[in-house]
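Below: one structure, written as structure tokens.
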Amino acid sequence: MNSPDADGLLAEQLLRLTRRLHRSQKRQLESADIAITPAQSRLLRTVAHYDHPPRMADLAARLEVVPRAVTSLVDGLEASGRVRRVPDPASRRVVRIELTDAGRDTLRQLRTARRAAAEDILAPLTAEQREVLGGLLSALVDGVPERRC
């Protein structure tokens, strides 16, 4: 790939692959009858990463969105029974967001759908190719050049 637009071609391939992965995951979720938006899914995963229920402001900062966007997402997830608002024991003015059993179940289903979508996308690759791809993607995500020993 020594053409002048090799990086542009790689970027386009990555975008196409990402869209394909999202479509495959969406099909998996639809076949399991799971109604959730990508943004709600991301919020659920974010809540799950905290040791204690996070504040709305914590979620907005972690997701890099305005607090109002988090409020809308929480409203939808609360209506579906996946999260609940709970008072902060230290301050009655602070509201925290915690996962419900339904939210934890949804997270398990999301992981299963993501795994199935990845298996579909990665099917043409050997185990060795998958390992190499994983290393390359880690280097891109972490922003560290891949080095061979």
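The values are calculated or read from the model by the stated rules, or taken from the named source; none is laboratory data. Just so we're clear, the structure is a prediction, and the values are computed from it rather than from any experiment. Using ideal geometry, Cβ is built from the backbone for each residue, glycine included, and neighbour counts are taken over all protein chains shown. Heads up: the accessible areas ignore ligands, DNA and RNA and are worked out on the full protein's heavy atoms, side chains in. Shrake-Rupley method; radii C 1.70, N 1.55, O 1.52, S 1.80 Å.
Across the range 37-52, what is the total count of residues that are open to solvent by less than 60 Å² (accessible area, probe 1.4 Å) and not aromatic (F, W, Y)?
Qualifying residue count, the range 37-52: 8.
Among the residues of the range 100-117, count how many are touching a residue at least 12 places away in the same chain (Cβ under 8 Å) and more than 16 Å from the chain's Cα centre (by Cα).
Residues flagged as touching a residue at least 12 places away in the same chain (Cβ under 8 Å) and more than 16 Å from the chain's Cα centre (by Cα) within the range 100-117 amount to 2.
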Only one of these is open to solvent by 60 Å² or more (accessible area, probe 1.4 Å), touching a helix residue (DSSP H, G or I) at 6+ places or on another chain (Cβ under 9 Å) and in contact (Cβ under 8 Å) with a residue 12 or more places away in the chain: R85, R55. Name it.
R85
In the range 81-98, residues that are out of contact with any Pro (no Cβ under 8 Å at 6 or more places or on another chain) and closer than 17 Å to T46 by Cα total 5
Here the residues within the range 12-36 that are hydroxyl-bearing (S, T, Y) and either over 26 Å from R104 (Cα atoms) or buried (at least 16 other Cβ atoms within 10 Å of the Cβ) (or both) are S24
